[in-house]
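Engineer: Okay, here's the structure, questions in a sec.
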Amino acid sequence: MDGHLGMRKISSHCSISEMDDFDLSRLLDKPRLNIERQRSFDERSLSELSIGLTRAGLDNYDTYSPGGRSGFNTPASSTRNSFEPHPMVADAWESLRKSLVYFRGQPVGTIAAVDHQSEEVLNYDQVFVRDFVPSALAFLMNGEPEIVKNFLLKTLHLQGWEKRVDRFKLGEGVMPASFKVLHDPIRKTDTLIADFGESAIGRVAPVDSGFWWIILLRAYTKSTGDLSLAESSSCQKGMKLILTLCLSEGFDTFPTLLCADGCCMVDRRMGIYGYPIEIQALFFMALRSAIAMLKQDDAEGKECVERIAKRLHALSYHMRSYFWLDFQQLNDIYRYKTEEYSHTAVNKFNVIPDSIPDWVFDFMPTRGGYFIGNVSPARMDFRWFALGNCVAILSSLATPEQSVAIMDLIEARWDELVGEMPLKISYPAIESHEWRIVTGCDPKNTRWSYHNGGSWPVLLWLVTAACIKTGRPQIARRAIELAESRLLKDGWPEYYDGKLGRYIGKQARKYQTWSIAGYLVAKMMLEDPSHLGMISLEEDKQMKPVIKRSSSWTC
């Protein structure tokens, strides 16, 4: 489809450029990214980044200032020109290309890990939807969008399959957790085999797969300027099917999404059941991405967009009000009364103050805050989860003030959340009796390992994106240099163990593809911040009014 015709075609509905203040028409004849994507930062972030042509601006961007905002000492390695390729980059690209999976001669994804030392393959030879996202971003940033398009279309095809677990049929919109390609050298045929949760450990369907798919579709459209894919009837239907699962009316009294344990990156039992922050942040980002791409040229499209808009308003209010924790809010919860009744209740969720864990009082700095892990009746999970908080910044679920507070927290609690290998997936670890109850004695999720306080290099790209958006690239630079000191030498592990992330994970796979891709994406974003535009959303002006706490949240 001709690009200019595509622009005229979408004039009748809500286009991406109209929704997030980014003009795709400037990209129609430019398949590679260009500097126009800097518009996707807010003005405050751009001014703080100082990425202009002046030497002073570049100096501010490339190095740390010992007395500057971060307060970090300048490492010796930071004298390297940030635009000079690091020796690890070539190895990372070579490893990433070795992980490519082909279907009928076309690349359709990357396998989870190429670990030749491991005897157990399990499902690490499959293409995971969530795992492929950093790989996809790396290819898009490198001007290789075809593999991303192939992946989007192939997973969309798999979505249409009938999905059953034993005798139960899953929702029509469920996206696969992963898929693999079986090659028959005799018949010279390729066959796709998908897993929708029926083969997964714990048999949990991936709630996050559909959200990541929508987010990646927007990233592809932003990067290439190709509107035809998102506008195609199959992609429009795919988005609607995903969202129908999430927007259906039911018994729930909250706008958040009710989920089982193990439904996202934390894909084993870790006590995240209910309303986990990772799912809520991805849900919010997917809704905002979809509302920009859905057509409104018929009644169904208009109704879908209206439902999304209403949910976004309710979800943003709920998350910003009830999931947010800072020093003042912690003190308020500490003084709660219980067993209150009626809409005037201060303690809406009947949280028992004695349930506040001791560690959070020491962990909470005077300046800083974060979205806690979960909120539901009589339960607040005060743990820090990195992915949910980073996505909250990128999607603008977090207000500008909350985004700054999250970065303040990371700086103030650097040893706990970053340590010697970025970045803790969760903090703190659960152990002893609590570990036995919450994880079911999971031998892989022992304290400070895997999902239970382990350090995951893949999170490097997310924290880098959040740093750039909030105007603090020096934090990302320090995190990347920590990773560069070990990742290649250690063989690109899946995760690290220990309070500081000093040890290669006891069951971590080597040459984990998203560890490799996460590093590449972080490097490319830091060297060219305009790349952030494909994965960042600015605050919706309609949701911008300051959220005032209701009387029920005022002591």
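Engineer: Out of region 431-468, which residues are β-branched (Val, Ile, Thr), assigned to a loop (DSSP other than H, G, I, E, B) and crowded, with 22+ Cβ neighbours inside 10 Å?
Structural biologist: First, the residues of region 431-468 that are β-branched (Val, Ile, Thr): 437-439, 446, 458, 463-464, 468.
When the remaining residues are screened for being assigned to a loop (DSSP other than H, G, I, E, B), the result is 446.
Residues satisfying the conditions do not exist here.
Engineer: Answer yes if at least one residue in region 248-258 is closer than 20 Å to Thr155 by Cα, modelled with pLDDT of 95 or more and not in a helix (DSSP H, G or I), and no otherwise.
Structural biologist: Checked against the condition, which is being closer than 20 Å to Thr155 by Cα, modelled with pLDDT of 95 or more and not in a helix (DSSP H, G or I), region 248-258 yields no hits at all.
Engineer: Further, regarding this structure: Looking only at residues in region 317-357 that are of a type in the set (Lys, Arg) and assigned to a loop (DSSP other than H, G, I, E, B), which one is nearest to the chain's Cα centre (by Cα)?
Structural biologist: The selected residue is Lys348.
Engineer: Can you list residue pairs whose Cβ atoms sit under 9 Å apart, with the first residue in region 97-113 being under 21 Å from Leu520 (Cβ atoms) and the second being in a strand (DSSP E or B) and acidic (Asp, Glu)? Count only pairs 6 or more apart in sequence or on different chains.
Structural biologist: Correct list of pairs: Tyr102/Asp190.
Engineer: When region 184-201 is examined, which residues are found to be closer than 23 Å to Leu156 by Cα and of a type outside the set (A, V, I, L, M)?
Structural biologist: Thr189, Asp190, Thr191, Asp195, Phe196, Gly197, Glu198, Ser199
Engineer: Which count do you get for residues in region 136-171 that are farther than 20 Å from Leu526 by Cα, assigned to a helix (DSSP H, G or I) and not aliphatic (A, V, I, L, M)?
Structural biologist: Residues in region 136-171 being farther than 20 Å from Leu526 by Cα, assigned to a helix (DSSP H, G or I) and not aliphatic (A, V, I, L, M): 8 in total.
Conditions tested, residue by residue: (1) under 25 Å from Tyr519 (Cα atoms); (2) among the hydrophobic types (A, V, I, L, M, F, W, C).
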site: Ser95; (1), (2): yes, no
site: Gly109; (1), (2): yes, no
site: Tyr124; (1), (2): yes, no
site: Pro145; (1), (2): yes, no
site: Glu162; (1), (2): no, no
site: Ile193; (1), (2): no, yes
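Engineer: Which residues, taken from region 373-421, are in a helix (DSSP H, G or I), closer than 19 Å to Cys264 by Cα and touching a Lys or Arg at 6+ places or on another chain (Cβ under 8 Å)?
Structural biologist: The answer is Ala386, Ile393, Leu394.
Engineer: For region 104-135, which positions are buried (at least 24 other Cβ atoms within 10 Å of the Cβ), out of contact with any strand residue (DSSP E or B) (no Cβ under 8 Å at 6 or more places or on another chain) and aliphatic (A, V, I, L, M)?
Structural biologist: Scanning region 104-135 gives a single hit, Val133.
Engineer: Of the residues in region 469-481, how many are touching a Cys at 6+ places or on another chain (Cβ under 9 Å), open to solvent by less than 10 Å² (accessible area, probe 1.4 Å) and over 15 Å from Lys424 (Cβ atoms)?
Structural biologist: Narrowing region 469-481 to residues touching a Cys at 6+ places or on another chain (Cβ under 9 Å): 473-477, 479.
From the residues that got through so far, the ones that are open to solvent by less than 10 Å² (accessible area, probe 1.4 Å) too are 473, 475-476, 479.
Still in the running and over 15 Å from Lys424 (Cβ atoms): 473, 476.
Adding up the residues that qualify gives 2.
Engineer: Further question: Please count how many residues of region 63-120 are polar (S, T, N, Q), at pLDDT 85 or above and not in a loop (DSSP other than H, G, I, E, B). Break it down into steps so the answer makes sense when it comes.
Structural biologist: To start, the set of residues in region 63-120 that are polar (S, T, N, Q) comprises 63, 65, 70, 73-74, 77-79, 81-82, 95, 99, 106, 110, 117-118.
Restricting the remaining residues to those that are at pLDDT 85 or above gives 95, 99, 106, 110.
Those left that are additionally not in a loop (DSSP other than H, G, I, E, B): 95, 106, 110.
Of the residues in that region, 3 qualify.
Engineer: Within region 340-355, identify whether any single residue is open to solvent by less than 20 Å² (accessible area, probe 1.4 Å) and modelled with pLDDT of 95 or more, and answer yes or no.
Structural biologist: No, because not a single residue in region 340-355 is open to solvent by less than 20 Å² (accessible area, probe 1.4 Å) and modelled with pLDDT of 95 or more.
Engineer: More than 22 Å from the chain's Cα centre (by Cα) and in contact (Cβ under 8 Å) with a residue 40 or more places away in the chain - does that describe any residue in region 404-413?
Structural biologist: yes
Engineer: Looking at region 431-445, which of its residues are out of contact with any strand residue (DSSP E or B) (no Cβ under 6 Å at 6 or more places or on another chain), in contact (Cβ under 8 Å) with a residue 24 or more places away in the chain and of a type outside the set (D, E, K, R)?
Structural biologist: Of all residues in region 431-445, those out of contact with any strand residue (DSSP E or B) (no Cβ under 6 Å at 6 or more places or on another chain) come to 431-444.
Of the ones still in play, those that are also in contact (Cβ under 8 Å) with a residue 24 or more places away in the chain are 438-440, 442, 444.
The answer is Val438, Thr439, Gly440.
Engineer: Does at least one position in region 358-372 carry a residue that is modelled with pLDDT of 95 or more, aliphatic (A, V, I, L, M), buried (at least 24 other Cβ atoms within 10 Å of the Cβ) and not in a loop (DSSP other than H, G, I, E, B)?
Structural biologist: No, every residue in region 358-372 fails to be modelled with pLDDT of 95 or more, aliphatic (A, V, I, L, M), buried (at least 24 other Cβ atoms within 10 Å of the Cβ) and not in a loop (DSSP other than H, G, I, E, B).
Engineer: Here's a follow-up. Write out, first by first residue and then by second, each pair whose Cβ atoms fall under 6 Å of each other, whose residues are 6+ apart or on separate chains, and whose first residue, in region 147-165, is open to solvent by less than 40 Å² (accessible area, probe 1.4 Å) while the second is among the small types (Gly, Ala, Ser).
Structural biologist: Val148/Ala136; Phe151/Gly109; Leu156/Ser234; Leu156/Gly238; Leu158/Ala194; Gln159/Gly238
Engineer: Taking the criterion of being among the aromatic types (Phe, Trp, Tyr), crowded, with 18+ Cβ neighbours inside 10 Å and assigned to a loop (DSSP other than H, G, I, E, B), would at least one residue in region 490-504 satisfy it?
Structural biologist: Yes, the conditions are met somewhere in region 490-504.
Engineer: Restricting to region 510-533, give me the number of residues that are open to solvent by 20 Å² or more (accessible area, probe 1.4 Å) and closer than 21 Å to Thr446 by Cα.
Structural biologist: Total meeting the criteria: 1.
For every residue, the table says whether it meets (1) touching a strand residue (DSSP E or B) at 6+ places or on another chain (Cβ under 8 Å); (2) within 30 Å of Met525 (Cβ to Cβ); (3) touching a residue at least 24 places away in the same chain (Cβ under 8 Å).
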{"position": "Gly197", "(1), (2), (3)": "yes, no, yes"}
{"position": "Asp208", "(1), (2), (3)": "no, yes, yes"}
{"position": "Tyr220", "(1), (2), (3)": "no, yes, yes"}
{"position": "Leu227", "(1), (2), (3)": "no, yes, yes"}
{"position": "Ile242", "(1), (2), (3)": "no, yes, yes"}
{"position": "Cys259", "(1), (2), (3)": "yes, yes, yes"}
{"position": "Leu287", "(1), (2), (3)": "no, yes, yes"}
{"position": "Gln296", "(1), (2), (3)": "no, no, yes"}
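Engineer: Same structure, new question: Quick check: anything in region 312-331 in contact with a helix residue (DSSP H, G or I) (Cβ under 9 Å, 6 or more places away or on another chain), among the basic types (Lys, Arg) and over 19 Å from Glu539 (Cβ atoms)?
Structural biologist: In the first step, residues of region 312-331 are kept if they are in contact with a helix residue (DSSP H, G or I) (Cβ under 9 Å, 6 or more places away or on another chain); the result is 312-313, 315-326, 329-330.
With the extra rule that they be among the basic types (Lys, Arg), the set shrinks to 320.
With over 19 Å from Glu539 (Cβ atoms) added as a condition, the list becomes none.
No, the conditions are met nowhere in region 312-331.
Engineer: Then there's this: For region 277-298, state whether one or more residues are within 16 Å of Arg379 (Cα to Cα) and either open to solvent by less than 10 Å² (accessible area, probe 1.4 Å) or modelled with pLDDT under 95 (or both). Steps first, answer last, please.
Structural biologist: First pass over region 277-298, keeping only residues within 16 Å of Arg379 (Cα to Cα): 277.
Narrowing further to those that are either open to solvent by less than 10 Å² (accessible area, probe 1.4 Å) or modelled with pLDDT under 95 (or both): 277.
For region 277-298, residues within 16 Å of Arg379 (Cα to Cα) and either open to solvent by less than 10 Å² (accessible area, probe 1.4 Å) or modelled with pLDDT under 95 (or both): present.
Engineer: Still on this structure: Only one of (1) touching a helix residue (DSSP H, G or I) at 6+ places or on another chain (Cβ under 9 Å); (2) open to solvent by 30 Å² or more (accessible area, probe 1.4 Å); (3) at pLDDT 95 or above fails for Met175. Which number is that?
Structural biologist: (2)
Engineer: Same structure again: Scan region 313-342 and report the pairs whose first residue is within 17 Å of Asp354 (Cα to Cα) and whose second residue is in a helix (DSSP H, G or I), with Cβ atoms within less than 6 Å and a gap of 6+ or a chain change.
Structural biologist: As it stands, the answer is Tyr334/Pro353; Tyr336/Pro353, since those pairs meet every condition given.
Engineer: Right, another one. Regarding Pro206, is this residue surrounded by 24 or more Cβ atoms within 10 Å (Cβ to Cβ), modelled with pLDDT under 95 and within 23 Å of the chain's Cα centre (by Cα)?
Structural biologist: Working: surrounded by 24 or more Cβ atoms within 10 Å (Cβ to Cβ): yes; modelled with pLDDT under 95: yes; within 23 Å of the chain's Cα centre (by Cα): yes.
Considered against the rule, which asks whether it is surrounded by 24 or more Cβ atoms within 10 Å (Cβ to Cβ), modelled with pLDDT under 95 and within 23 Å of the chain's Cα centre (by Cα), Pro206 comes out as yes.
The values are calculated or read from the model by the stated rules, or taken from the named source; none is laboratory data. Nothing here was measured: the structure is a model prediction, and the numbers come from that model. Quick reminder, even Gly has a Cβ in these numbers, built from the backbone with ideal geometry, and neighbours come from all protein chains shown. Areas reflect the complete protein model, heavy atoms only, side chains present, ligands, DNA and RNA absent. Shrake-Rupley method; radii C 1.70, N 1.55, O 1.52, S 1.80 Å.
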